[in-house]
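Beneath this line is the structure, given in structure tokens, with notes to follow.
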Amino acid sequence: MPFIPHTEEEIQQMLDTLGVTSIDQLFDEIPAALRHDKLENVPTRMSEMEVSRLMHERAHQDRSGLCFLGAGAYEHHIPAAVWEITTRGEFYSAYTPYQAEASQGTLQLLYEFQSMMTQLTAMDVSNASLYDGGSALAEAILMAVRANRKSKARRILMPRTVHPMYRKVVHAIVKNQGITIEELDFNKQGGFTDPASLAADPGDVTALVIPQPNFFGVLEDVDALTDWAHQHNALAIACVNPTSLALLKPPGEWGQQGADIACGEGQPLGIPLSSGGPYFGFMCCKQDFVRQMPGRIIGKTTDLDGKEGFTLTLQAREQHIRRSKATSNICTNQGLMTTAATIYMSLLGPAGLETIAANSHANTMLLKEKLLDLNGIKAVFNRPEFHETVVSLARPAKDVIDQLAEEGILAGFNLADDYPELGNALLVCATETKTEQDINEFVEKLAQALA
Amino acid sequence: MSNIPEDLHYTKTHEWVKQDADGTVTVGITDHAQNLLGDMVFIELPEAGSEFTTGDDCAVVESVKAASDVYCPVSGEIIETNVALVETPEVVNQDPFGDGWLFKLKPNDEGEVEDLLDAEAYKELTQEESS
């Protein structure tokens with residue numbers, strides 16, 4: 001779709017028609033007190049050349065090298081075809097077009113994406129994506145508050161095993177909406193949310209968040225947690241890694257009734273790490289809750305001539321119609337990232353994704369075994385893990401990470417800030433991209449750093 | 001021209017209220033309202049037993065064009081909802097004053113019903129809005 005700016009002449013014609021003298025005048029009804037004249041921390045302007053230079057400098061601040069760092073963003077092999085196809089002119093747009101139905105190809109692609117996500121999660125419906133994993137979880141919580149009409153408490157139980165940054169994002173988005181987030185501590189031996197530790201009589205609970213795998217890479221007892229939520233009239237919100245779903249039981253099959261909402265970060269599905277974004281969030285739910293689901297949903301239909309077509313459905317609750325009562329104020333999706341993910345999943349197929357998940361798990365287990373052979377390294381948790389594990393070091397993790405970075409290795413994520421009770425704990429990850437030689441090199445350098 | 005039965009009470013937000021013999025009231029949306037909204041695709045009803053005060057949004061009628069709130073015409077407790085509408089929302093279009101009723105409510109103060117608009121006043125309101 002071409003971008004055609006208005007000419008000065010056209011702008012003047014429009015202003016004349018409206019009977020105003022300037023564009024600023026159109027904003028007069030916004031009280032001065034609410035208007036930001038200057039954004040003090042934002043430079044007024046930069047030329048393309050200056051911006052390009054600044055961005056190159058910033059890019060160099062990223063530590064690159066042999067990556068054993070996961071913690072929410074994972075290095076997977078992305079077949080070259082994924083971005084070759086994604087960046088073709090036909091696909092290369094970040095948006096669902098405003099005249100959506102004029103872009104049948106884009107809509108069909110999003111429809112295929114939704115179909116793939118519902119298969120992966122075993123849920124009934126999927127939306128066309130959200131911004132990222134953290135905001136998807138916040139949206140899932142807002143959705144649960146709308147959807148769980150048996151609950152009046154607006155009270156959410158959030159395990160501390162959920163990604164710390166997701167918890168911060170959730171807090172920022174829901175804190176002023178009269179919603180209480182109660183954190184649940186984790187079992188110190190297992191690194192998981194022990195269902196036995198949950199209250200037998202918790203009172204009015206709106207929803208329970210269930211991460212799988214959790215931030216430590218540990219597998220939660222998702223069946224017991226889901227059933228506990230449903231026994232207490234709470235909804236079960238699954239926050240899942242999509243790659244892991246190729247191996248693990250999908251949220252739609254958790255417990256007796258399955259999770260009610262499943263969300264997560266889509267980056268592992270063909271999106272490069274690229275300094276932390278753009279990524280995309282995904283969200284799926286049971287059919288019963290589809291009208292409370294935020295974001296865009298693409299449906300398949302037939303036109304007047306009986307031909308197959310794709311259309312935006314369930315728009316009636318979006319903000320251009322419902323304003324402040326809309327299901328979300330983020331009524332858009334991450335179109336380009338979703339395009340890449342759809343192509344990635346198409347190229348791999350279910351068997352390919354399963355191989356990647358299995359190899360990532362095997363590499364992490366191999367890494368863990370070799371690390372635990374070293375002096376000064378201990379396992380922290382004793383439960384099964386997917387493709388990350390927590391080890392405790394004889395020295396502060398931050399020092400070890402810094403030292404290994406000098407040698408071209410990203411050693412993992414330092415847990416000391418978010419989980420000080422775990423001591424010198426390091427979260428490490430080895431995806432399918434790592435060879436045994438890579439793992440040996442990491443183990444060797446880490447041994448030197450700890451010696 | 002939309003139908004405005006003489007024996008009902010009305011609100012400015014296009015709900016109708018029928019005083020039942022047992023002291024409860026039946027609430028729906030008017031013919032005028034369903035005409036403006038167009039084909040209904042989903043009706044979200046309140047939970048029986050929940051309480052609302054006058055003006056609270058207590059139901060949502062969703063048409064192909066828009067999802068609109070239904071406001072509680074008088075304070076009270078929801079006694080019964082028209083669950084048949086979940087499967088057949090189009091009944092609200094076909095028979096807004098009959099089978100298309102939304103919920104029955106037990107008013108806290110029966111005097112509140114008398115304060116609502118009568119058919120004549122509601123007719124004037126719809127004429128003003130469309131002029």
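The values are calculated or read from the model by the stated rules, or taken from the named source; none is laboratory data. Quick caveat, the model's predicted, so the values are computed rather than measured. For neighbour counting, all protein chains shown are included, and Cβ atoms are generated from backbone atoms with ideal geometry for every residue, glycine included.
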Just to be sure, is residue A:442 in contact with a Lys or Arg (Cβ under 9 Å, 6 or more places away or on another chain), surrounded by 15 or more Cβ atoms within 10 Å (Cβ to Cβ), farther than 22 Å from residue A:214 by Cα and touching a residue at least 40 places away in the same chain (Cβ under 8 Å)? yes
Anything in segment A:315-333 that is more than 13 Å from chain B (Cβ to nearest Cβ) and either of a type in the set (Phe, Trp, Tyr) or more than 17 Å from the chain's Cα centre (by Cα) (or both)? List them, or say none. A:329
Filter segment A:300-320 down to the residues that are within 21 Å of residue A:140 (Cα to Cα) and either out of contact with any Asp or Glu (no Cβ under 8 Å at 6 or more places or on another chain) or buried (at least 18 other Cβ atoms within 10 Å of the Cβ) (or both) and list them by number. A:313, A:314, A:315, A:316, A:317, A:318, A:319, A:320
The condition of being within 14 Å of chain B (Cβ to nearest Cβ), on the phi < 0 side of the Ramachandran plot and touching a strand residue (DSSP E or B) at 6+ places or on another chain (Cβ under 8 Å) holds, among A:140, A:147, A:207, only for A:147
Is there a residue in segment A:261-273 that is within 14 Å of chain B (Cβ to nearest Cβ), touching a Leu at 6+ places or on another chain (Cβ under 6 Å) and on the phi < 0 side of the Ramachandran plot? no
I need the full set of residues from segment A:289-309 which are within 13 Å of another protein chain (Cβ to nearest Cβ) and without any contact (Cβ under 8 Å) to a residue 24 or more places away in the chain, in order please. A:301
Before we move on, is residue A:30 in a loop (DSSP other than H, G, I, E, B) and out of contact with any Ser or Thr (no Cβ under 6 Å at 6 or more places or on another chain)? yes
The condition of being exposed (fewer than 15 other Cβ atoms within 10 Å of the Cβ) and touching a residue at least 24 places away in the same chain (Cβ under 8 Å) holds, among A:362, A:447, A:358, only for A:358
Close pairs (9 angstrom Cβ cut-off, 6 or more residues apart or separate chains): surrounded by fewer than 16 Cβ atoms within 10 Å (Cβ to Cβ) in segment A:194-212, in a helix (DSSP H, G or I) anywhere: A:196/A:224
Residue A:380 fails exactly one of (1) touching a residue at least 40 places away in the same chain (Cβ under 8 Å); (2) over 25 Å from residue A:168 (Cα atoms), namely (2)
Inside segment A:9-27, can you point out the residues that are assigned to a helix (DSSP H, G or I) and either in contact with a strand residue (DSSP E or B) (Cβ under 8 Å, 6 or more places away or on another chain) or surrounded by fewer than 10 Cβ atoms within 10 Å (Cβ to Cβ) (or both)? A:9, A:17, A:24, A:27
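In this structure, does residue A:64 turn out to be loosely packed, with under 14 Cβ neighbours inside 10 Å, of a type in the set (S, T, N, Q) and over 18 Å from the mean Cα position of the chain (by Cα)?
Yes; evaluated as a whole, the condition is true for this residue.
Filter the helices (runs of 4 or more DSSP H) completely within segment B:44-131 down to those with at least 2 residues that are loosely packed, with under 14 Cβ neighbours inside 10 Å and more than 14 Å from every other protein chain (Cβ to nearest Cβ).
Working: elements: B:84-87, B:91-94, B:111-114, B:119-130.
Because the criterion is at least 2 residues that are loosely packed, with under 14 Cβ neighbours inside 10 Å and more than 14 Å from every other protein chain (Cβ to nearest Cβ), the helices (runs of 4 or more DSSP H) in segment B:44-131 that meet it are B:111-114, B:119-130.
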Please count how many residues of segment A:116-159 are of a type outside the set (A, V, I, L, M, F, W, C) and in a helix (DSSP H, G or I). 8
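Quick grid of which residues meet (1) at negative phi; (2) modelled with pLDDT of 90 or more; (3) in contact with a strand residue (DSSP E or B) (Cβ under 6 Å, 6 or more places away or on another chain); (4) of a type in the set (A, V, I, L, M):
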site: A:36; (1), (2), (3), (4): yes, no, no, no
site: A:57; (1), (2), (3), (4): yes, yes, no, no
site: A:69; (1), (2), (3), (4): yes, yes, yes, yes
site: A:73; (1), (2), (3), (4): yes, yes, no, yes
site: A:79; (1), (2), (3), (4): yes, yes, no, no
site: A:84; (1), (2), (3), (4): yes, yes, no, no
site: A:88; (1), (2), (3), (4): yes, yes, no, no
site: A:95; (1), (2), (3), (4): yes, no, no, no
Close pairs from segment A:226-254: first touching a residue at least 60 places away in the same chain (Cβ under 8 Å), partner assigned to a helix (DSSP H, G or I) and surrounded by fewer than 19 Cβ atoms within 10 Å (Cβ to Cβ), Cβ under 7 Å, at least 6 apart: A:246/A:350; A:246/A:354; A:247/A:354; A:247/A:358
Looking only at segment A:413-443, how many residues end up being in a helix (DSSP H, G or I) and farther than 11 Å from residue A:380 by Cβ? 9
Filter segment B:13-43 for residues that are away from every other protein chain (no Cβ under 14 Å) and part of a loop (DSSP other than H, G, I, E, B); which is nearest to residue B:94 (Cα to Cα)? B:30
Screening A:353, A:336, A:312 for residues that are in contact (Cβ under 8 Å) with a residue 24 or more places away in the chain and either more than 22 Å from the chain's Cα centre (by Cα) or not in a helix (DSSP H, G or I) (or both) leaves only A:312
Among the residues of segment A:403-424, write down those that are acidic (Asp, Glu) and surrounded by fewer than 17 Cβ atoms within 10 Å (Cβ to Cβ). A:406, A:407, A:417, A:421
Quick count over segment A:124-144, residues being within 8 Å of the chain's Cα centre (by Cα) and either surrounded by fewer than 24 Cβ atoms within 10 Å (Cβ to Cβ) or without any contact (Cβ under 8 Å) to a residue 24 or more places away in the chain (or both), is 2
